[in-house]
Amino acid sequence: MMTPRERILAVYNGQKPDRVPYMLDLSHYYLHKFQLPWELGSGYPKADTGLMDFNRKMGAAFYCPQQAHFWNVEYANDVKSSSATRVVNGVPEIYWRFDTPIGSIERIRVWEPSSYSWAIKKWGITNEKDLEVLTYAMASRRYTPIPQNYEEWANYIGEDGLVYMNTAYSAIGYLMNYWMGVENTIYASYDFEDELQECVTQINNNILEMVEMMASEFSAPVIIMGDNFSSDVQSPSFFDCWSKDYYKKAYDIIHSHGKKVAVHVDGKLKGAIKMMKDIGVDCIDAVTPGSVGGCTPAEARAEAGNDLILSGGIPNELWYDYSPMSSFENAVKEWLALKDISPALIAAAGDQVPIGALEERILRMGELVEEYGYY
Amino acid sequence: MDMKEIALEVINGKTKIVKALVQQALDEGIPAKTILEEGLLAGMAVVGEKFKNNEVFVPEVLISARAMTMGAAMLKEKLNESGETAKGKACIGTVQGDLHDIGKNLVKMMLESKGIEVIDLGTDVSPETFVQTAKEQNCQIICCSALLTTTMTVMGDVVKAAEAAGIRDSVKIMVGGAPVTEAFCKQIGADAYTSDAASAADLAVTFCQ
C-alpha cells in the first residue's frame, strides 16, 4: 500500500497510484476549533506540528503550510515596511504600511469573530499616486531563503503528506486581494491603465525572482500559485491582458527546476481551467463544483482533459449539518468517480474545510475514499 | 439623437462618452425618461444578458454599470421633476459578520439597471437593520448577500426577523452569494435564490410588479 506522500507524488508524476490521494487544508478549521490565534501579520516561524498532527488524526494527508515562514523579505533602504496588530475600539486589527520617499500607503484588516478571519477594513490604494508608492516599494523587495524551515515541516509530516510551497499573489492578485479590491482594480485597468501596467510589470518581475528562489533553493516538489482565481472576475480577456504572461513565466521557471506547479482556483471554473491548462499548469487546486465553481465534476474534467490534475471536489456548504449527510456522501462519490476517466485526481476540499464543519464528515470522507477510491 | 448611441457606449463602458451623450440628449430636449430607458437601461440590459450567457464577465459588467450609473445620476433631478417613480424598491446588504461587497454591489447595479430603487445598507448588516429599513422605506424586496459559509446562516435570521416584525407577507427575501444554494434558500424560508446578478435583477422586476 502506498503512503499518502507517494500517492500525491504519483499523481503529479503522471502515474496511477493505488488509490486516489486524500488531503485536506484543515488550517482554518484547526485554528478555530482550538481557538488558536491566526497570525496573519507575522506568520509562523516554526513548523505547526499541532496542525500536522491534527491532519494525521483526521486521516487526511497534509499539504498546506499556511503562513509558514520560508524566507525573509527586505526592502531598499528608502522603503520602510511595517506591520503590527493593534486594538481599536476593542477590536483587533492588523495594518500593513509602506513609507517611501514618494509617499505612504496603509491597508487594514479587522478581526471578525463570526468567520474567525481577518476581514478587509481599509484598502490601501485609492488613486494612481498610491499605486506608484506600491510599485516603488514592491519593486525593491529582495528575498533570502530559509530552506531549513521548509525541511522542518517536511521532515515532521514525513510520508503523511506532501508540503507544498506557496508563492505570493501575482501583481493583480495583490491588488485585488490586498491593496485595492476587485472593483477598484478593474476600474483602474480602465481609468489609469498605463500606471497600472507599470505597477503590475514591476511587481510581477519581482515575484518571479521569488519563484526562481523557491524553485531553486527548496526541496519542495510542488509549488502552488494563485490569486483566488475565479473566471468571472479574472475573465479570459482580463487574464490575457494582465496575468497570463506572468503565470506562463512562473510555470516555466518552476518546470525548469524539475518541479510541479498547482494553481489555486477557488471560484468560477469554466474558462479558468482552460486558461491555466493552456499555459502549462500541472494541477488545478481547490476545485469547488456546484454553486461556487459553476460546474459539475464531470464538466471540470471535460475542460481539463485527462492529463491536468484536478484537486478538490467538496464545496464548503456540504461540511455543515444543514446539508444532509447523503448530499455530502454523494458529492464525495461523484468526485471519486472521476478516477474512471483519469488518475489525474486528488480528493480534497474546495477550497478548505471551513470553520465549524462537522468532524464526522472529515472522517467520513476518508472512509469513502478508502471504499471507493482504489483503482 | 438616437438613444442607441448611448446604449452602445454603456455596453462599451465609456463613462465619459456616456455622460457627454446624456448631456447632449438633455440639451436637445429629449425627456429624461427616454434617455434613461431607451439609452442607459437598454444598454445595461444587453450587458446583463451577455453576463448571464457568460459572454462578458465581472470586469465588463462593472465598467458598464459605472457608465450607466454616472449617466443616470445626471437625470435624477429631471426625473424627480417629472414625477417619474421607480419600478420598485429594494434594500440590499451583505449580512452581519461578512464584509465582502462585490457581489452585493453587482446586484445593486443590475437592480438599478432595471429601474428599481435600491437602498444600499453596506456590509455587516444585522437582520434587524434589513427589516427595519424594509419597513420604514416600504421596500418590496430584501436582498441578502454572503460570501462565507459561516455568515450565510444569518440569512435565516433575516427571514425570522421579518416574520417577527410582521412584514414577511409583504416583502420578498432574495438571497445570493458564492456558497448560497437553492436548497439553502428553501431551507431558511427565503423566497428566491439566483446564481448571478443579472438573474437576480430579472426576478426582482417580477417581484415588484
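Say the dipole of the range B:88-208 comes from +1 at the beta carbon of Lys and Arg and -1 at that of Asp and Glu; which of B:SER170, B:THR181, B:VAL158 then lies farthest toward its positive end?
The one lying farthest along the dipole's positive direction is B:SER170.
With +1 on the Cβ of every Lys and Arg and -1 on the Cβ of every Asp and Glu, and nothing else charged, how large is the dipole of the range B:88-208 about its Cα centre, in debye rounded to the nearest 20?
Numbers: 9 positive and 15 negative charges, 36 e Å.
Dipole of the range B:88-208, to the nearest 20 debye: 180 debye.
Can you work out the Karplus-derived ³J(HN,Hα) for every residue in the range A:351-367? Use 6.51 cos²θ - 1.76 cosθ + 1.60 with θ = phi - 60°, whole Hz, and x for glycine or proline.
Along the range A:351-367, the couplings run 9, 8, 5, x, 5, x, 4, 6, 4, 4, 6, 4, 5, 5, 4, x, 5 Hz.
Taking the beta-carbon count within 10 Å as an exposure proxy, list A:HIS264, A:HIS28 from fewest neighbours to most.
Numbers: A:HIS264 24, A:HIS28 20.
Ascending number of Cβ neighbours within 10 Å: A:HIS28, A:HIS264.
With θ set to phi - 60° and the Karplus curve 6.51 cos²θ - 1.76 cosθ + 1.60, what are the ³J(HN,Hα) couplings of the range A:298-304 in order, to the nearest whole Hz, using x for Gly and Pro?
Working through the residues one at a time gives 5, 5, 5, 5, 4, 6, 6 Hz.
Using modelled amide H (1.01 Å from N, peptide plane; none on Pro or chain starts), what sits under 5 Å from the amide H of A:ILE346, excluding residues fewer than 5 places away?
Under 5 Å from the amide H of A:ILE346 lie the amide H atoms of A:LEU310, A:SER311, A:GLY312, each far enough along the sequence or on another chain.
Please compute the net charge surrounding A:LEU24, taking Lys and Arg as +1 and Asp and Glu as -1 over other residues with Cβ under 15 Å from its Cβ. Before the final figure, lay out each step's value.
Values: positive: A:ARG5, A:ARG7, A:LYS33, A:ARG56, A:LYS57, A:ARG361, A:ARG364; negative: A:ASP25, A:ASP48, A:ASP53, A:ASP160, A:ASP266, A:ASP285, A:ASP351, A:GLU359, A:GLU360, A:GLU367, A:GLU370.
Charge balance in the 15 Å sphere: -4.
I need two numbers for chain A: Rg to one decimal and Dmax as a whole number, Cα atoms only, in Å.
Reported Rg and Dmax, both Å: 20.2, 61.
Non-local amide H neighbours of A:SER117 (under 5 Å, H modeled in plane, Pro and chain starts lacking H): which ones?
Amide H to amide H, under 5 Å and 5 or more residues apart or across chains, A:SER117 pairs with A:GLU112.
Let me have the 222 nm mean residue ellipticity of chain B computed from DSSP H runs of 4+ only, each contributing -39500 (n - 2.57), with the sum over all residues rounded to the nearest 500.
Details: 10 runs with 109 residues, N = 209.
Result for chain B: -15500 deg cm²/dmol, rounded to the nearest 500.
Specify whether the C-alpha gyration tensor of the range A:60-209 places it in the rounded, prolate or oblate class, a ≥ b ≥ c being the square roots of the eigenvalues: rounded for a/c under 1.5, otherwise prolate if a/b is larger than b/c and oblate if not.
prolate
So what is the relative contact order for the range B:94-209, in percent, with contacts set as C-alpha pairs under 8 Å and at least six apart?
Details: 186 pairs, mean separation 34.3, N = 116.
Worked out over the range B:94-209, it gives 30 percent.
Let me know the shape class of the range B:88-208, please: from the alpha-carbon gyration tensor, a ≥ b ≥ c as square roots of the eigenvalues, rounded when a/c is under 1.5, otherwise prolate if a/b is greater than b/c, or oblate.
Details: a/c = 1.28, a/b = 1.03, b/c = 1.23.
Rounded, because the longest to shortest axis ratio a/c is under 1.5.
Determine the calculated [θ] at 222 nm for chain A from helices alone, applying -39500 (n - 2.57) to every DSSP H run no shorter than 4 residues and normalising by the residue count; nearest 500 deg cm²/dmol. Mind showing how you got there, number by number?
Working: 14 runs with 150 residues, N = 375.
Theoretical 222 nm ellipticity from helices: -12000 deg cm²/dmol.
With springs connecting C-alpha atoms under 10 Å apart, model chain B as a Gaussian network and identify which of B:GLY83, B:GLY103, B:GLY43 has the largest mean-square fluctuation.
B:GLY83
What residue among A:GLY305, A:GLY293, A:GLY173 shows peak mean-square fluctuation when chain A is described by a Gaussian network model with Cα springs under 10 Å?
Highest fluctuation of the listed residues: A:GLY305.
For A:ASP245 and A:GLU334 in the same chain, what is the full-extension length gain: residue separation times 0.36 nm, less their Cα-Cα distance, in nm?
On the way: separation 89, 0.36 × 89 = 32.04 nm, distance 3.47 nm.
In short, 28.6 nm is gained.
I'd like the Karplus ³J(HN,Hα) series for the range A:100-113: coefficients 6.51, -1.76, 1.60, θ = phi - 60°, whole numbers in Hz, and an x wherever there's a Gly or Pro.
Taking θ as phi minus 60°, the curve returns 10, x, 9, x, 10, 9, 8, 10, 9, 10, 10, 6, 10, x Hz for the range A:100-113.
According to the Cα gyration tensor, what semi-axes, each the square root of 5 times an eigenvalue, does the equivalent ellipsoid of the range B:3-81 have, listed from largest to smallest in whole Å?
Working: eigenvalues 98, 24, 21 Å².
Taking √(5λ) for each Cα gyration eigenvalue gives 22, 11, 10 Å.
Strictly over 21 Å apart at the Cα level, which of A:LYS268/B:LYS114; B:LYS50/B:LYS104; A:LYS33/A:LYS57; B:LYS52/B:LYS78; B:LYS87/B:LYS172; A:LYS121/B:LYS89 would you flag in this model? If you can, show how the numbers build up before the last one.
Working: A:LYS268/B:LYS114 26 Å; B:LYS50/B:LYS104 19 Å; A:LYS33/A:LYS57 14 Å; B:LYS52/B:LYS78 32 Å; B:LYS87/B:LYS172 15 Å; A:LYS121/B:LYS89 29 Å.
In this structure, A:LYS268/B:LYS114; B:LYS52/B:LYS78; A:LYS121/B:LYS89 lie more than 21 Å apart at Cα.
Under the rule of at least 5 residues apart or a separate chain, name every residue whose amide H is placed under 5 Å from the amide H of A:GLY161.
For A:GLY161, the qualifying residues are A:ARG5, A:PHE62.
List the aspartates and glutamates whose Cα sits under 19 Å from the Cα of B:LYS108, skipping any in the same chain fewer than 8 residues away.
Within the straight-line cut-off, B:LYS108 pairs with A:GLU183, A:ASP232, B:GLU37, B:GLU49, B:GLU60, B:ASP98, B:GLU117, B:ASP120, B:ASP124, B:ASP191, B:ASP196, B:ASP202.
For chain A, modelled as a Gaussian network with Cα springs under 10 Å, which listed residue fluctuates most, A:ALA286, A:ALA119, A:ALA347?
Among A:ALA286, A:ALA119, A:ALA347, the largest GNM mean-square fluctuation belongs to A:ALA119.
Mind checking the dipole of the protein assembly as shown: about its Cα centre, +1 per Lys or Arg Cβ, -1 per Asp or Glu Cβ, Debye to the nearest 20?
With Lys and Arg at +1 and Asp and Glu at -1, about 400 debye.
Hey, any idea what Rg/Rh is for the range A:145-247, computing Rh the Kirkwood way over Cα pairs? Intermediate values should be presented prior to the final figure.
Working: Rg = 16.1 Å, Rh = 15.1 Å.
Over the Cα atoms of the range A:145-247, Rg/Rh equals 1.06.
Quick note: the coordinates plus some simple rules give every number you see, no bench work behind them. Predicted model, so just to flag it, every value in this text is computed and none were measured. When we count neighbours, we look across all protein chains shown, and the Cβ atoms used for this are built from the backbone with ideal geometry, even at glycine.
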